[in-house]
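Only the coordinates and a few stated rules stand behind these numbers; no lab work does. Keep in mind it's a predicted model, so treat the numbers as computed, not measured. All Cβ positions, glycine included, derive from the backbone under ideal geometry; neighbour counts span all protein chains shown.
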Amino acid sequence: MFKILTIFLFCTSFVNATFLESLNQAEKLDLSQQRYWHLLLHMIEGESEIDDEQFFIAHDGKNNPKHELDSTLYALYHESVFDDNSTACRFPARKAWLEEQLNIHDLPQVLCKEYDAILQRINPKSATFVFPSAHINSPASMFGHTFLRINSAYKSKLLSYAINYAADANPDDTNAVAFALNGLFGGYFGSYSLLPYYDKLKEYRDTENRDIWEYDLNLTEAEVLKMFRHIWELNGTHSTYYFFTENCSYNMLWLLELARPSVHLREHFHFEVIPLESIHAAKIEGILDTTHYRASKRSILLQYETLIEEKYIHLPRSLVDAQLQLKDVLEDANISLQQKRYILEASTELLEYSFSKNTMQKEKYLELFYDFTQQRATLGEGEKLSRQTPPNPIDSHRAIRATAGFGVREADTIGFLGIRPAYHDLQDSSYGFLRGTQIEFLNLDLSYSKDALKVEKATLISIASLAQRTEFFKNFSWRTHFGFDTNYLNTNANFLATLGAGYTFGNKSAYLYALAEPLFYVEQSGVSGLGGSVGFVVDRYNFMSTNIEATQRFYDTGKEQYLLHASQNFRLAQNFQLKFDYDYREKYDQEKRQSETTLKSALSYYF
């Protein structure tokens, strides 16, 4: 008994001695103030952005990096359990970094069964930055999204795992206004998740019709392992979610900086972190490698619409809706063999899309899927679908726009200045963006004339989704606007709130839209009205576009108003655009209707 007690005291004394030695060395090296330790804690200016107390060992670890480092060292040397609940198993990234910095080799041995099993299954070798592009009819998804994929030694990337960060809320099950307010002002917690990559592809590419862009990162295997260790530390923890700042993209940047501390991705952002902008930042920091594109169901079906002859384009929908028998297509001698192949392939894609939208029962889906694929196999190989890759979003314009220009309004020379923090409108170059979409926040346009500075526009939020109707997609188009503009009957900037809906039709060269828009202006008092707009956009060429829109408004005061806007836009470079505008607006002066015409040229720079 005395011998056992002696050994215990000796081991305890040895552990305490080595712990104190490491503690002193950590203080000498000032480890608690090193950038990497702050990255591990997600700490900015002395406070961690992680709001879960499980993430910290010291009681004040969220605000005190030194106490958290000292407590971590103590816990590693004085483990009380030696399984998955041990400090070393819960915080493998902290352990690895401290061992490296302090040259530690004598920590207690622990058995991390769960961590080791997941590490072996995922087998991290490389990483990919993934960008699901905008969702055509979802305001919450119009910015796009980013997450990381951890690639293993498997040849198929579908067997890899995705690291995602998202708010603990479902916009489909929540009031839209409440969802927006909670997202803007930190009403939700956000958390990291690790799940199979094919699940994310199913969610974004197949269900939400979003093209997927994959940007391989030039991280080494050792750097990817560092990132994976930290992902494990974040398992089950949460932090406050903010739609514009601490969002999905921002929280991916922490992981990339942990993998390679020499990059400073978060320093590229000050007011908002837009998903596509995080890809731009990664490009600037030099960590992007090759790019891969995965077309959504929507993109694939739209391509089939160009391949199937117009007289047969209705057949896939009729087959999926069981309004037509399969034999009626296969036995039709007027339909060529290749057209039959396209029709069955498109029918299968449309069937899968319809099932993902819960528009049919599983039994019916499986029956039709078997029939379509079996009959397609009997038609031979045929011509393969040539997947057309759209312009890469990384080559699109940046989010912040500064504009300077000059013009003439009723014989008066005017100067114009504008600034917009985010993000894209219909008159910006659509290169790399989803066609027919607009989302703007806090756009401010000023004019200067005759020693007077005037607000031309002060947009709070403006969103448009001009989703083109096709044979396979019967979308509505809509847009909404809240903010100040000078389009009302007087010459002042008045507050406008409007929400309209309609339809859009077109082809690859141009599209035409028509919208009905109830509106509400605040002048000295509130004024309601109804507007009807018809617009035409020609965007066949990447370097230019033409936008024309005519609007007729009827106000509850009995007055009417006609507005006409036209612009010719030229993409001079990725982040430079030249625009020529023409505006015709009817105004009233002492109950007398007058016209106001403005001609303007402006140069925009995006950064």
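Structure notes:
- Qualifying chymotrypsin sites (Phe, Trp or Tyr not before Pro) for the stretch 212-284 [loop in DSSP, other Cβ within 10 Å: at most 12]: PHE271
- Looking at the stretch 367-472, the trypsin sites (Lys or Arg not before Pro) that sit in a DSSP loop and have at most 10 other Cβ atoms within 10 Å of their own Cβ are LYS384, LYS450.
- A Cα-only calculation for the stretch 120-294 places Rg and Dmax at 15.4, 45 Å.
- Stretching PHE520 away from ARG540 to a fully extended chain increases their span by 3.7 nm, per 0.36 nm per residue minus the current alpha-carbon distance.
- Between ASP116 and LEU29, the modelled label-to-label distance comes to 2.6 nm, taking each label 7 Å out from Cα in the direction of the beta carbon.
- 20 Å cut-off, amide nitrogen to a point 7 angstrom out along ASP84 Cα→Cβ, residues in the stretch 114-136: 114-124
- Calculated diffusion of the stretch 396-606, Stokes-Einstein form, Kirkwood radius summed over Cα pairs, 25 °C and 0.890 mPa s, µm²/s: 138 µm²/s
- Straight-line cross-link partners of LYS202 among the lysines, defined as a Cα under 25 Å from its Cα and at least 8 positions apart when in the same chain: LYS125, LYS155, LYS157, LYS297, LYS357, LYS362, LYS364, LYS384, LYS474.
- Its DSSP H runs of at least 4 residues, each contributing -39,500 (n - 2.57), put the calculated 222 nm mean residue ellipticity of the chain at -9000 deg cm²/dmol, to the nearest 500.
- Straight-line cross-link reach from LYS311 at under 12 Å between alpha-carbon atoms covers these aspartates and glutamates, not counting any fewer than eight positions away in the same chain: GLU471.
- Two-decimal ratio, the stretch 22-114, of alpha-carbon radius of gyration to 2.2 N^0.38 Å: 1.03
- Volume per residue that the Cα convex hull of the chain spans, once the total is divided by residue count, Å³: 202 Å³
- At an R0 of 60 angstrom, the distance between the Cβ atoms of LYS384 and GLU410 translates into a FRET efficiency of 0.50.
- Extension gain (nm, one decimal) between GLN109 and PHE476, 0.36 nm per residue minus Cα-Cα: 125.9 nm
- Membrane-span-like helices in the chain (whole DSSP H runs, Cα extent of at least 20 Å along the helix axis, mean Kyte-Doolittle hydropathy of at least -1.0): 2-29, 337-356.
- Stretch in the chain that is longest and holds no GluC sites (Glu not before Pro) that DSSP places in a loop and that have at most 13 other beta carbons within 10 Å: 46-308
- The calculated FRET efficiency for ASP168 paired with LYS202, based on their beta-carbon distance and R0 = 25 Å, is about 0.75.
- Annotation: the stretch 31-180 has a Kirkwood hydrodynamic radius of 18.5 angstrom, from the mean reciprocal C-alpha pair distance.
- For the stretch 481-527 and the stretch 312-353, distance of Cα centres in Å: 41 Å
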